[in-house]
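Accompanying notes for the structure given below.
Any read-out appearing in this document is the output of simple, stated calculations on the displayed coordinates, not a laboratory observation. Fair warning: this is a prediction, and the values are worked out from it, not measured in the lab. FYI the Cβ positions are ideal-geometry reconstructions off the backbone, even for glycines, and counts take in every protein chain you see.
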Amino acid sequence: MRIATGLAINLGLLAIALAPAGAQDAAQADRSAAADAAWQRIGFAFQPPPEWDGKLGQYRSPLIFDDGRPVKTPEDWARRRQEILQFWHASLGAWPPLLDQPAIETVEAGPRENFTQKKVLVGAAENLKIRGYLLIPQGDGPHPAVLVVYYEPETGIGQGKSALRDFAYQLARRGFVALSIGWPTDYTRQQSPARQPLSSLAYLAANCYHALAALPEVDPARVGIVGHSFGGKWALFASCLYDKFACGAWSDPGIVFDEKRPNVNYWEPWYLGWDPQRERKPGVPTEANPRTGPYRRLFEAGRDLHELHALMAPRPFLVSGGAEDRPERWKALNHALAVNRLLGCENRVAMTNRPAHSPTEESNEQIYVFFEHFLKPAGPASGGAVRGAGPAEKSQASQAIRRQRPG
């Protein structure tokens with residue numbers, strides 16, 4: 001696959017090369033200072049509470065190959081990672097090829113506070129353009145960027161019906177390029193014979209990553225993704241299945257299968273339970289209304305979403321937990337911690353908690369600080385600059401992950 005981002009990247013590198021060395025050093029120092037300040041506010045979230053530290057639950061370790069062999073080295077993990085990725089794509093339905101040149105078409109544009117707001121159409125799949133809003137901050141780029149996913153794009157820019165879900169608006173005010181998009185339900189319904197809706201949504205997000213990365217205002221190495229509830233599920237699947245996202249923040253999606261929680265409803269046909277042979281009524285699976293589709297096969301085989309979390313390593317992610325994702329979810333997250341330790345990385349897995357499902361000002365601020373810490377520093381937030389690891393460990397982790405990246 002060839003993506004037309006080379007020109008934008010090369011021009012950005014040329015601009016950096018031509019800038020005075022002192023200006024480069026000062027800018028990098030400012031970004032590093034901002035990242036360190038952000039860490040002082042979010043660092044607590046990267047440590048499990050004592051009662052959950054080291055607890056692994058009943059989840060099968062992702063550090064075991066399907067044939068039972070243990071994963072012992074970063075090179076082993078690169079192979080195991082590919083095995084997990086192939087399994088989930090086979091289970092949910094393979095993606096079509098990514099678009100070569102996904103474009104963002106501006107419909108209208110105007111100033112808003114300290115950024116420009118554009119109403120756009122985004123090429124997200126073959127013969128599919130989805131509505132969205134592109135927010136571009138003032139000042140010289142390239143900037144970090146975040147893809148914001150939800151039912152419709154207006155909520156992400158603060159012009160929807162729900163409060164405290166305006167991630168794109170708030171991030172643009174903080175100096176991020178933000179692209180807010182919504183769910184093209186007709187597309188995912190039409191694609192269901194080929195793949196499950198959540199996988200189709202992850203595919204759309206991957207194309208949106210490349211549309212963002214091609215913009216001259218965006219640093220393609222510093223693009224994250226965020227969503228709440230349904231959007232959290234979408235962000236989880238997109239960031240885990242497509243490793244060009246530098247990091248992800250998932251707000252109370254239900255990060256593992258849990259049939260005791262009706263809102264953690266991966267069993268529904270609009271998520272992972274679509275089945276051409278059988279329709280089921282909405283609701284928690286019962287004997288009279290059983291599981292269907294890939295969800296049934298995954299659940300009954302003991303597979304779970306902690307395997308997807310592991311695919312993030314060494315990229316950082318934050319679970320902004322509410323009613324659905326309580327502190328006991330660390331039993332799943334500790335498996336991702338173990339993968340990162342194998343790669344020589346620390347402080348890559350975080351969780352904050354609030355009592356209710358809806359975001360709060362505090363939980364949202366934690367999300368923004370997370371992105372400021374990992375996307376505002378100079379350089380990539382994923383494979384290259386691994387915080388909390390020594391030079392040899394950084395090299396091992398980066399080389400192993402680069403070898404298994406898709407082309």
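Just a few scattered comments:
- When each of Lys129/Lys161; Lys244/Lys376; Lys129/Lys281; Lys55/Lys161; Lys119/Lys244; Lys129/Lys244 is checked by Cα-Cα distance, pairs over 28 Å: Lys129/Lys281; Lys55/Lys161
- For Tyr133, net neighbour charge (Lys/Arg +1, Asp/Glu -1) across residues whose Cβ lies under 9 Å away: +2
- Rounded to 5, percent antiparallel among DSSP beta bridges of region 93-240: 65
- Taking a sphere under 12 Å around the Cβ of Gly224 and counting the other residues whose Cβ falls inside, with K and R at +1 and D and E at -1, yields a net charge of +2.
- Simple label model, 7 Å out from Cα along Cβ direction - Ser162 to Gln101, nm: 3.7
- Relative contact order, whole percent, for the chain stands at 19, derived from Cα pairs under 8 Å and 6 or more residues apart.
- Each other residue within a Cβ distance under 12 Å of Val284 adds +1 if Lys or Arg and -1 if Asp or Glu, for a net charge of +1.
- Highest-first packing order for the peptide set 267-275, 227-235 is 227-235, 267-275, based on the mean count of other beta carbon atoms within 10 Å.
- Contact order relative to length of region 257-301, as percent, for alpha carbon pairs under 8 angstrom and 6 or more apart: 37
- Cα gyration tensor shape of region 257-301, rounded if a/c is under 1.5, else prolate or oblate by comparing a/b with b/c: rounded
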